[in-house]
Amino acid sequence: MPVDSMQEQVSRDVDGRFRKGQSGNPKGRPMGARNKATEAAELLLDGEAEALTRKAVELALEGEAGALRLCLERIIPPRRGRPVKLGLPAVRGAADLASTMAAITTAGVQGMITPGEAAELARVVEIFVRAVETSDFERRLRELEEAHAARP
């Protein structure tokens, strides 16, 4: 077996992946090194940003759809999220979760919130459920350990 293939077997796990902390290119790209295509584009566009922006605005004003979209995306960035105000019941424990999920589902179905917002809120409820389950498990385990320690 050639030396190269033996080294490859040593540095990879049984699934053929590199082991944690090892790489197929240990030296890698030097810190601070930039992509050559990006550097070339920056050189070509250097000093032309104002003229290009002006041209994009002119094309947008003439009705060019792509230029219009580009200009609007720069003026009004895509909406990432918004505060959602729902009349959700207070959640103090697992018993409150069914009514909370029902309220989220109803709001989504009625169009008060988007399906994505409903899914995000459902994830929050799911995380709360896991937190309740974890704290309940910990409490019951502690009680069992104390009861076991109290036995003669």
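The values are calculated or read from the model by the stated rules, or taken from the named source; none is laboratory data. Just so it is clear, the model here is predicted, and its values are computed rather than measured. Here the Cβ is made from the backbone with ideal geometry for all residues, glycine too, and neighbour counts use every protein chain on show.
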Requested in this report: Select from the range 29-51 the residues that are within 24 Å of Cys71 (Cα to Cα) and assigned to a helix (DSSP H, G or I) and list them in ascending order.
Outcome: Thr38, Ala41, Glu42, Leu43, Leu44, Leu45, Ala49, Glu50, Ala51
Query raised in the report: On the given criteria, is Thr53 surrounded by 10 or more Cβ atoms within 10 Å (Cβ to Cβ), on the phi < 0 side of the Ramachandran plot and free of Cβ contacts under 8 Å to residues at least 24 places away in the same chain?
Result: yes
**Report entry** Residue count, the range 90-100 (criterion: surrounded by fewer than 13 Cβ atoms within 10 Å (Cβ to Cβ) and part of a loop (DSSP other than H, G, I, E, B))
**Finding:** 3
Query raised in the report: Between residues in the range 120-136 that are under 16 Å from Ser99 (Cβ atoms) and free of Cβ contacts under 8 Å to residues at least 40 places away in the same chain and residues that are in a helix (DSSP H, G or I) and among the hydroxyl-bearing types (Ser, Thr, Tyr), which pairs lie under 8 Å by C-beta distance while being six or more apart or on different chains?
Result: Val125/Thr100
Requested in this report: Name the residue, out of Gly111, Gly63, that is more than 30 Å from Thr134 (Cβ to Cβ), part of a loop (DSSP other than H, G, I, E, B) and in the same structural domain as Ser135 (by TED's automatic domain parsing).
Outcome: Gly111
Query - Those residues of the range 75-85 which are exposed (fewer than 15 other Cβ atoms within 10 Å of the Cβ) and either within 16 Å of Phe128 (Cβ to Cβ) or among the β-branched types (Val, Ile, Thr) (or both), in sequence order - result: Ile75, Ile76
